[in-house]
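Okay, structure first, notes after.
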Amino acid sequence: MSNIASRVSRLIAGSVNAALDAVENMSPEMVMEQAIREVEGAIAEVRAEMGKATAERHLASKKLADNSGKHEELLEQIEVAVSKGRDDLASAAISRQMDLEAQVPVLEQTIADAAEREKELEGYVDALKGKRAEMLEELKAYRARIAEMPENSVIDAAGNPSASHEINKSVDRAAAAFDRASGHAADMLGGGMKDAAQMAELKDLARQSEIEKRLKAMKEKSA
């Protein structure tokens, strides 16, 4: 997943620039409405990412449950094979169990990571919704002040509703809410062995030893 915090921040910052560029040619009300639409677009974007994280968590959870069921099924098959003296079939089933076991920590980490992303993205949605509500209130207040003014009044730049600095400050606050949000990057360190072939062979030997160990334990249990 890309850094959603940076993406949202850039989107809101872009709306600030657009507002500053357009304020001379657009009414303050139109500028404020555009800024609100930008925030609403960000909400939709973050919700889409949250949906992906939720789907990933559900998929990993289902896979983990399926693997657990297969592991239990293989255990029953191993017991039958041992009782029939079919060490070859028992060994094959044990090997498959080990494959399933190797997936468990990966799936559990996937579930945890997805849940963490969901929580983080939910926080972004809440922050965006809060900013949108604040901007809507400012727009409502601006319209109310305009409605109360005499028809031919000239709106000056000394703090009146249409002053560009007031509009810019309002939109700047929308960006600032997300400038504080930062993604967390983790450095992944890894190293390789000089002789990959020997390491692969050693791994196979260890795996075979584990299979034989489990097979022996099953035989002793059924004896």
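Derivation of every value follows stated rules applied to the coordinates shown; laboratory data play no part. Keep in mind the model is a prediction, meaning the values are calculated, not measured. Glycine also receives a Cβ, built like all others from the backbone with ideal geometry; neighbour counts cover every protein chain displayed.
Assorted remarks:
- You can think of it this way: the chain between Ser61 and Glu29 has 6.7 nm of extra reach, that is 0.36 nm per residue less the Cα-Cα gap.
- Fewest-first sequence of His71, His58 by Cβ atoms within 10 Å of each Cβ: His58, His71
- Put in line by how crowded their Cβ is, counting other Cβ atoms within 10 Å and starting with the fewest, Asp88, Asp66 read Asp88, Asp66.
- Most to least packed among 30-37, 216-223 [average Cβ atoms within 10 Å]: 30-37, 216-223
- For the pair Leu75 and Asp204 in one chain, pulling the backbone fully straight at 0.36 nm per residue adds 44.3 nm over the alpha carbon distance.
- Environment charge of Val106, counting only residues whose C-beta is closer than 15 Å and scoring Lys/Arg +1, Asp/Glu -1: -3
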